[in-house]
Structures are given as structure tokens and as C-alpha cells.
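Throughout, read-outs are computed from the coordinates displayed, never taken from laboratory work. This is a predicted model, so every value here is computed, not measured. Positions of Cβ are backbone-derived with ideal geometry, glycine not excepted, and every protein chain shown enters the neighbour counts.
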Protein chains: 2
Amino acid sequence: MTYAPSTSLLGDLAALLGPKGYSADADTIAPWLTDWRGKYHGRAAAMLSPASTDEVAAIVRLCADARVALVPQGGNSGMVGGATPDDSGDQLLLSLRRMNRIRQVDEAARLAVAEAGVILETFHHDALAHGLRFPLTLGGKGSATIGGLVSTNAGGTQVLRHGTMRALVAGIEAVLPDGSIFDGLAPLKKDNRGYDLRHLLCGAEGTLGIVTAACLHLVPAAAARRTAWIGVDSPESALLLLRRLDAAIGNPLEGFELIPQSCLDAVLRHIPQTRAPLSAAHPWHVLLELAGDSDQALGEALDPQLAAAIDAGLIRDVVIAKSERESDDFWRLRDSISEAERAEGPALQHDISVPIDLMPAFIAQNPRRLKRAFPGIRTLSFGHLGDGNVHHHVQPPAGVDGATWLAEHGAAVSGLVYAHVVELGGSISAEHGIGQMKRDILAELDSPARLSALRGVKAGLDPAGILNPGKLIA
Amino acid sequence: MTYAPSTSLLGDLAALLGPKGYSADADTIAPWLTDWRGKYHGRAAAMLSPASTDEVAAIVRLCADARVALVPQGGNSGMVGGATPDDSGDQLLLSLRRMNRIRQVDEAARLAVAEAGVILETFHHDALAHGLRFPLTLGGKGSATIGGLVSTNAGGTQVLRHGTMRALVAGIEAVLPDGSIFDGLAPLKKDNRGYDLRHLLCGAEGTLGIVTAACLHLVPAAAARRTAWIGVDSPESALLLLRRLDAAIGNPLEGFELIPQSCLDAVLRHIPQTRAPLSAAHPWHVLLELAGDSDQALGEALDPQLAAAIDAGLIRDVVIAKSERESDDFWRLRDSISEAERAEGPALQHDISVPIDLMPAFIAQNPRRLKRAFPGIRTLSFGHLGDGNVHHHVQPPAGVDGATWLAEHGAAVSGLVYAHVVELGGSISAEHGIGQMKRDILAELDSPARLSALRGVKAGLDPAGILNPGKLIA
């Protein structure tokens with residue numbers, strides 16, 4: 001149970017943070033009260049923008065005393081409404097964007113300490129200036145912040161080799177729900193002092209602590225990349241190809257995306273200046289990329305494998321990008337799928353994962369289940385096959401009013417998708433998190449054992465429930 | 001607060017588990033009531049040896065209802081008394097050793113599901129029979145079990161490349177303190193459904209749940225290895241060498257151990273049939289190993305780097321093992337350090353980590369601090385430099401009665417070691433855990449923020465405190 005902030009508390013916060021760090025002005029706050037997709041809208045008594053970890057700690061102490069709810073926010077580019085306050089007007093928006101210093105880059109150790117408000121793209125550039133690379137990227141890189149990426153355990157297109165955010169976090173600094181500062185920034189490769197708070201805070205969506213900074217692993221900047229576009233018969237063939245390349249090439253293989261012909265068609269239809277990499281249509285396509293020191297070495301590693309895969313009938317056709325420009329064009333096709341799909345009309349999006357082995361079966365069977373219940377609907381599955389994670393989208397039957405149809409049947413459709421995912425031991429949120437969007441479906445579908453444990457952790461760490469209440473777990 | 005088991009509860013447990021699964025016979029239980037080093041002794045009302053996850057769940061439900069404490073135990077090869085009950089006689093020993101099935105090996109996905117009681121060495125052999133390798137090994141492999149290794153987040157000599165146990169755990173099955181079964185065995189590479197229970201249970205020393213099985217990553221069996229013994233001037237030189245090799249060779253570099261001449265001398269003195277790999281003495285030695293597909297490729301990767309390091313004056317001398325036998329001989333020198341040291345007399349052992357960059361400074365400065373306070377004492381630092389983890393041992397001054405001296409000054413000596421570690425942002429337990437041995441020192445030295453969070457997690461998940469009470473946190 002939390003309360004509305006008193007005038008006296010707001011006065012204390014304003015005095016603490018000064019005019020740059022405190023605003024109750026409706027126009028100033030407005031852009032941050034709606035998520036970027038315009039799905040969630042909230043209200044806030046004020047927006048707090050601390051400039052330091054100490055200021056965050058002071059805010060949390062004041063709010064803990066008064067039992068006032070805080071909603072942490074980074075770049076406001078999340079997919080599940082996790083950073084949007086509720087509509088009571090009693091919550092305080094806690095923006096970390098002013099904490100945007102890169103405190104340290106250690107080239108020899110390949111580590112950097114970045115504050116929560118550092119924008120991903122800025123961090124990429126900073127790493128490159130040191131001859132290094134931060135190997136996590138995603139569509140929202142121009143607005144997503146380090147704190148948000150840690151708090152949502154973000155994924156992206158390089159997870160295959162480098163893992164999700166938690167694999168890249170060497171240390172963490174956070175303000176806990178009692179206002180104390182947890183300084184876990186020291187990059188310890190081995191640390192067995194009990195429960196791992198770093199992993200606990202990573203992906204906790206700001207419900208257990210406010211991440212204020214992270215120590216992050218970097219990798220050497222890649223001098224060369226080799227990008228291939230491949231036509232295949234089926235997700236099974238794609239998975240076999242992935243396993244072969246993984247065994248033969250290993251580390252340099254950084255990306256492996258699965259794309260159905262229908263997605264490619266939509267991109268070609270709606271996105272200007274795009275062309276199909278291969279001359280013929282194929283049921284499925286794979287976009288893969290290797291990164292390394294020399295183009296020649298990457299070619300020697302990849303090309304014979306692809307030739308052998310053609311000979312074995314595992315792939316139907318392949319083209320290798322002949323320039324950086326062509327690599328970028330290939331990736332632009334992949335990155336434009338969401339935009340092209342929006343142009344096709346409304347769709348239900350499901351960000352799900354299952355064990356990698358089971359993904360081809362899911363992709364084949366789930367559409368059949370859905371079509372049995374809802375004749376005429378269309379499905380699209382694309383994305384990170386190598387991570388067992390596809391974006392599984394469902395479009396209404398042709399000829400109906402899409403928005404009306406989805407309003408009526410959307411929940412039932414998603415129910416069939418998620419039930420299938422749960423059957424296969426999968427996750428109803430592979431990379432976007434739970435936030436407010438999936439909170440109730442999680443409570444419905446997850447096992448009682450797991451839900452009870454999540455609630456126990458939340459109650460143990462934030463007994464007053466002041467950090468991002470209403471998100472993740474009810 | 002927990003209670004002694006009633007006669008009725010013990011009867012229910014005996015009926016549940018049958019004669020193979022229940023014993024209250026003092027002689028049968030005795031070997032499991034003392035840790036393998038003979039440092040900790042306890043008592044138990046009975047030893048429970050369930051054969052299935054369902055039996056574990058039934059045990060925990062009965063004990064949760066009665067508020068009776070359970071002490072989980074695997075191979076009883078831990079280093080900090082974490083699996084030894086207290087001396088009240090009210091606790092129940094819960095042995096997982098009968099749960100020793102390898103449920104599944106998936107060669108294509110390189111995953112295996114092993115129950116908690118599977119012994120590490122058995123698991124190694126089973127993986128090899130499938131052409132695969134489980135890349136974690138340590139001295140106690142003949143008795144250490146998968147459940148214990150997960151619960152203590154075990155390390156060993158291959159952490160440099162493959163990480164500690166948590167990096168190898170793809171999924172986990174555990175019985176939670178309320179007796180519910182958490183089935184998280186499905187190997188999901190991406191799963192953002194809130195707090196990561198897998199990482200939370202890993203390293204929790206059985207205080208948050210009883211790990212009953214794990215899904216574990218395997219790697220391809222290595223056809224070749226290349227082992228080098230190298231003389232260097234200092235830990236700084238060793239660290240520079242590691243950084244160079246890591247950048248130039250990367251993945252195949254699997255082991256990098258630092259050994260002072262004094263350790264080598266002790267081994268040569270006390271362990272029969274050992275000889276120094278290099279003809280001359282050097283202040284420090286590095287034992288490194290590469291693993292891969294072909295001896296030739298490993299040689300082409302390593303040898304020019306070592307030649308260049310000699311030319312650059314970074315290393316003083318090097319010898320490369322010319323046979324499997326010679327590789328084994330090199331590793332035997334490393335693995336015999338503890339035994340040789342015991343033969344030298346009693347010593348205080350500290351298993352600590354600091355950020356890797358700071359390790360050379362710690363190794364240089366800590367002995368000076370100690371000798372200022374305790375003239376004449378001798379120190380030894382050896383181990384996993386690449387993990388920022390050394391075993392830092394302190395021997396009494398020559399000529400005193402070692403045991404008496406340590407009884408009098410040991411706590412003060414360790415206090416100086418741990419204070420220095422904390423100053424550097426390090427960990428007072430790098431790989432052995434906290435158990436009962438370091439519980440009080442953790443409570444004294446760790447930050448209030450972190451301790452409060454650990455207590456919150458424990459209270460939230462195990463409010464009655466029935467799982468391994470008295471370990472890790474008070």
C-alpha cells in the first residue's frame with residue numbers, strides 16, 4: 001500500500017533536486033507519461049531527475065519514509081509499459097536520464113562503467129573510440145539507456161554469441177528500496193558471498209532496486225564482418241545449418257536471424273529502396289553474420305561451410321554481401337520487418353521463447369492450432385532462431401476490420417499462443433519483459449511455485465512496495 | 001525459529017522414504033556429520049535420502065509444517081562447513097546422493113540433465129562417452145555432486161574460459177521452502193519473466209531451495225591440448241602475458257595458474273616423483289593450457305606468442321609439454337600444492353578475489369602489511385590469476401608451535417587479509433562460499449546494504465527459516 005505524496009514531501013524533493021532535477025509542470029512531464037508506442041498512459045505527481053547516485057538514494061529514503069511509489073524510467077523505449085506510471089497521479093516518475101556519465105573505460109581489462117542514463121548508441125560510440133565494442137544492439141539504441149537495458153535484461157541481434165545484458169554486466173550499482181546504496185561495481189569474476197544481487201537486479205524492471213550504474217564487458221572492435229543471406233526450406237533446415245556453423249566456426253558467428261518469405265514480401269512492398277537479396281523466392285530465409293579481424297579469415301571459415309551445405313541440400317541458395325553497404329542493406333531488410341508489418345495493418349505480437357530444439361515444431365504447429373480456432377488468420381514468425389526466440393505475430397483474417405477483430409478475439413488468440421509456449425516449457429516473455437502488459441497473463445500461466453517465489457523476493461526486498469508497484473507481479 | 005522433529009514426524013518420514021531413504025542409526029549417519037577436513041562436527045535426528053524430486057518435495061512439506069530444519073548435503077566435500085548440521089541434534093540431514101540419474105544427454109544441443117546426486121567425475125565420463133565435455137573440474141571431483149556444485153556455484157581451473165558453475169547451468173529444478181517444485185529445467189536462452197530464480201538458487205548454499213536437478217551446458221570434447229610452464233618475474237608480468245594471449249588466442253586458452261617458486265619448492269620437497277619443469281628457479285611460474293581440435297593449430301597459435309613474449313622480456317623461460325604424460329605432470333605440480341603445504345605445517349587459508357587488475361598489487365602489498373603486524377610470518381599466493389582469485393595462505397613464523405600460534409593470532413591475521421580485500425572492492429569468498437566458516441566475518445565486513453538485501457531475500461523465500469539455518473547469513 002502506497003500513498004499520495006504530501007505537499008511537504010514534494011517540497012523536500014524539490015529542494016533536494018533543484019529546478020533541473022524536479023518538475024511538476026504538466027507540459028514538461030507529459031511526453032514521459034505515455035510509452036513510445038502510445039499504448040500506456042499514466043499520471044505523475046512530479047518527475048524527479050537526479051544527477052547522482054546520492055540524490056537517487058536521498059529520493060528513495062524520503063519516499064520509503066512516506067510510502068510513496070517511484071516509477072523508474074530510462075529512455076522510455078520499453079515494449080511492455082514497464083516505465084509508465086499508473087493513472088492515480090500519486091506516483092512519482094524517477095527519470096535516470098541526467099545520470100549520463102561514462103565514468104571509466106579500462107581498455108586493458110575491456111571494461112567500462114556507465115551510469116544508468118547513458119544512451120546505448122552513445123555508449124557504442126564511446127567504446128569504438130577506445131578500439132572496443134559493446135556487443136549488444138537493438139532497434140531502440142538511440143533512446144534506450146544502460147539502466148533500462150540492465151533492468152530489462154535486454155537482448156537484440158547479437159545474443160547468439162554475446163548473451164543478453166546480464167552476460168555483459170560485470171558489476172552493478174543500485175539504490176535498494178530502503179534507500180541504501182548497493183555498490184557492486186567491482187568486476188569480480190568470482191564472488192561467492194551468497195545470493196547474487198547483480199543477477200537479481202538484472203531484469204527486475206526496477207521493482208527491487210534502482211540501477212544507477214553498471215560495469216560492462218566490452219569486446220575488441222571487429223575489423224571485418226561477413227554477412228550472408230540464405231534461402232532455406234524450413235526452420236528445421238535453418239537450425240541444422242546453425243548447429244553445423246556453430247560447431248565448425250564457433251565464436252565469429254554473431255547473428256543468425258530467421259525470416260519467412262512473407263515478411264520479406266511485406267518489407268519489399270512497404271519499405272522504399274529495398275530489393276530481395278536472392279533472385280528466387282524461398283519459404284524461409286536466414287540472415288547470418290560473422291565478425292572478426294580479417295575479411296579473408298572470415299571468408300575461409302564461412303564459404304566452404306556454405307558450399308558444403310548447398311551440396312548437402314541443406315540450403316537452397318546463398319548470397320554473400322560484397323561490401324559494407326550491401327551488409328547494411330541485408331540488415332535493413334531484417335530491421336524493417338516491424339515497420340513493414342505495421343503498414344500491413346494491426347497485428348498481435350508475441351515475444352516468446354522455447355528450447356531451441358523445439359522452435360521449428362512450434363513455428364509449424366502453432367499456426368495450425370490458431371487457424372483451427374480462427375479460420376483465415378495469418379501468422380508470421382521471425383527473429384532470433386539461435387536464441388530459441390521468435391517474434392510470433394498474428395494478423396486478423398483478410399477483409400475484416402483489424403482493430404475490431406483484435407479487440408474481440410485478441411485475448412483468446414494470445415491465450416492459445418501462450419498455452420502452447422507453456423506446454424513446451426517456454427517463456428511468455430523472451431526479451432521484452434513483463435511490465436504491465438503481461439503481468440496478469442504471467443500470474444495466470446506461470447507455475448504457483450515460481451509465482452510464489454517471485455512474490456517472496458519482492459516482499460522480502462521491498463516490503464512497502466514503493467518501487468514500480470503494479471509492474472511484473474501483482 | 002525451528003523445532004526438534006517429533007516422533008510422529010520422524011515416523012512419517014520413515015514411512016515416506018522406506019529403509020533405503022531413512023536412517024536414524026548413529027553409525028550409518030556418523031560419516032556425514034563431519035566435514036571432510038574434520039573441522040566441523042554436527043548431530044542429526046535422522047538422515048533422509050530421497051530417491052526422487054517428489055520425495056524431496058514431500059519431505060520439505062512435512063518439515064515446513066512442523067518447522068523442522070533441513071540441512072542439504074551432496075558429496076560432503078565443501079570447504080566452509082555448509083553441509084554440516086549444527087550440534088543441537090534437532091536438524092535433519094537431507095542427502096541428495098541417491099538422486100544420481102543422468103536423465104538426458106542431447107548431443108546436438110550439447111545439453112545434459114543431471115540429478116543433484118550425480119558425482120562430477122561420473123558426469124565427466126558420461127559426457128565424454130557422448131563425444132562431449134563438461135568444462136568444470138576441481139580437486140574434489142570424485143565426491144563433489146552436481147547439486148552441491150550448483151548450490152555453491154563452484155569454480156575450479158577452467159573458469160577462465162568457461163565461467164563458474166552458474167555459467168554452465170542452462171536450467172534448474174529445485175524444491176522451494178514451502179515444498180513446491182520449481183521446474184526450470186527447460187534450457188531457455190532468453191527468458192525475461194522477472195527475477196531469475198536460476199541465478200538466485202545457484203550459490204545459495206541450500207538456504208533458499210533444494211536443487212534436485214540441473215540442465216547443464218556441454219562443450220565439444222577437446223582432441224588436443226597444449227600445456228606450457230613458464231617462468232616470470234612477477235604477477236604483473238603474468239597478467240600482461242595473460243592479456244596478450246587472451247587478445248591473440250582467445251577461446252582456446254582455458255587455464256592460467258600462477259604459482260610462486262616457494263610453492264613449487266614445497267611440492268618438490270614433499271610430493272614423490274615430481275621434478276621442476278624448468279632448470280632454473282624463477283620468482284613466479286605460470287601454468288597455462290590451451291584446448292582445441294588439433295595439436296598443430298594450438299602450437300601455431302601459442303608458440304609464436306611465447307617466442308615474442310621471450311623476445312620482449314615479458315617471460316624468462318618456457319617449456320611446452322611434449323606428451324599427455326608431461327601435461328599431466330605439470331598439472332600434478334599445481335594440484336599438489338595443498339598437500340605439500342599441509343606437509344609444511346598448519347596455515348591459514350584465504351580464498352579471496354579482487355578485480356583482476358588489482359591482484360598483482362594485492363599479492364605484493366598484503367604480505368608487507370601482515371609482516372609489519374606479525375614479523376616472521378610467511379605467505380603464499382597461488383591460483384587462478386585470470387579470475388582475480390588467489391588462494392592466499394599464511395604460515396606462522398618459523399620456530400613457533402604453529403597450531404598454538406594460529407589459535408592465538410589467526411583471527412587477527414585473517415582480519416588484516418579480509419580488510420585489504422574489502423578495501424579493493426574484492427570478495428572474502430571467491431569460490432568456496434560462506435557456509436558456517438565465514439558467516440560471521442561476512443556479517444562483520446559486508447556492506448549494510450548488501451547484508452540487508454541478503455536477509456530480505458532469505459526472509460521472503462524461507463520465512464520459517466527451515467532450509468540450512470545458521471549458514472551463510474545469521
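Worth pointing out:
- Residues A:A24 and A:E339, FRET efficiency given R0 of 35 Å [Cβ-Cβ distance, rounded to 0.05]: 0.45
- Top positive-direction residue, dipole computed over region A:102-220 with Cβ charges, set A:L185, A:V211, A:A154: A:A154
- The Stokes-Einstein estimate for region A:384-474, based on a Kirkwood radius over Cα pairs and taken at 10 °C with 1.306 mPa s viscosity, is a diffusion coefficient of 104 µm²/s.
- Taking the label point 7 Å along Cα→Cβ, A:G89 and its counterparts in the other copies are spaced 6.8 nm apart, in ascending order.
- Between B:R332 and A:D311, the modelled labels are 4.6 nm apart [label points 7 Å from Cα along Cα→Cβ].
- Average Cα contact separation per residue, region A:224-338, under 8 Å, 6 or more apart, as relative contact order %: 46
- Pairwise label distance in nanometres, A:D106 with B:A280, each label 7 Å out on the Cα-Cβ vector: 3.2
- Residue of chain A with the smallest Cβ distance to the axis mapping A onto B, distance rounded to whole Å: A:G460, 1.
- Residue (of B:G139, B:A83, B:C202) at the positive-pole extreme of region B:70-229, dipole from beta-carbon charges: B:G139
- Using only side-chain charges placed at the Cβ, +1 for Lys and Arg and -1 for Asp and Glu, the dipole size of region B:7-95 relative to its Cα centre rounds to 180 debye.
- 3J(HN,Hα) along region B:204-213: 7, 6, x, 8, 10, x, 9, 5, 9, 6 Hz, from the Karplus curve 6.51 cos²θ - 1.76 cosθ + 1.60 with θ = phi - 60°, whole Hz, x for Gly and Pro.
- Tilt relative to chain B, helix B:324-335 - C-alpha long axis, 0 to 90 degrees, to 10: 70
- Amide H contacts of B:I315 (H built 1.01 Å from N, in plane; Pro and chain starts excluded): B:I310 sit under 5 Å, all sequence-distant by 5 or more or on other chains.
- Distribution of pairwise C-alpha distances over region A:419-461, 5 Å bins, in %: 5, 20, 27, 30, 13, 4, 1
- B:A46 long-range amide H proximity, modeled H, under 5 Å: B:L93
- Solution diffusion estimate, µm²/s, Stokes-Einstein, the protein assembly as shown, Kirkwood Rh from C-alpha pairs, 20 °C, viscosity 1.002 mPa s: 73
- Position A:E107, label points 7 Å along Cα→Cβ, spacing to each other copy in nm (shortest first, one decimal): 4.7
- For chain B, the C-alpha radius of gyration divided by 2.2 N^0.38 Å, with N the number of residues, is 1.01.
- Ascending list, in nanometres, of distances separating the A:S234 label from those of the other copies (7 Å, Cα toward Cβ): 6.3
- Label zone (B:L268, point 7 Å along Cα-to-C-beta; backbone nitrogen cut-off 17 Å) within region B:291-326: B:316-320.
- Between 0 and 90°, nearest 10: helix A:235-248 axis offset from chain A longest Cα axis: 80
- Estimated purely from DSSP H runs of n ≥ 4, each contributing -39500 (n - 2.57), the mean residue ellipticity at 222 nm for chain B is -11500 deg cm²/dmol once divided by its residues.
- For region A:273-279, 3J(HN,Hα) computed residue by residue from phi via the Karplus equation (6.51, -1.76, 1.60; θ = phi - 60°) reads 6, 10, 9, 5, x, 9, 6 Hz, glycine and proline entered as x.
- One decimal place: the segment A:M1-A:A443 gains 157.2 nm when fully extended, by the rule 0.36 nm per residue minus the C-alpha distance.
- Within region B:215-299, trypsin sites (Lys or Arg not before Pro) in DSSP loop having at most 11 other beta-carbon neighbours inside 10 Å: B:R275
- Around the Cα centre of the protein assembly as shown, unit charges on the Cβ atoms of Lys, Arg, Asp and Glu (plus for the first two, minus for the last two) sum to a dipole of about 460 debye.
- In sequence order, calculated HN-Hα J values of region A:75-84 (Karplus, 6.51, -1.76, 1.60; Hz; x Gly/Pro): x, 6, 10, x, 9, 10, x, x, 10, 9
- Rounded to the nearest 10 degrees, the angle from helix B:402-423 to the longest Cα principal axis of chain B is 80 degrees.
- Between A:A224 and A:D246, the simple label model (points 7 Å from Cα in the Cβ direction) yields a spacing of 2.5 nm.
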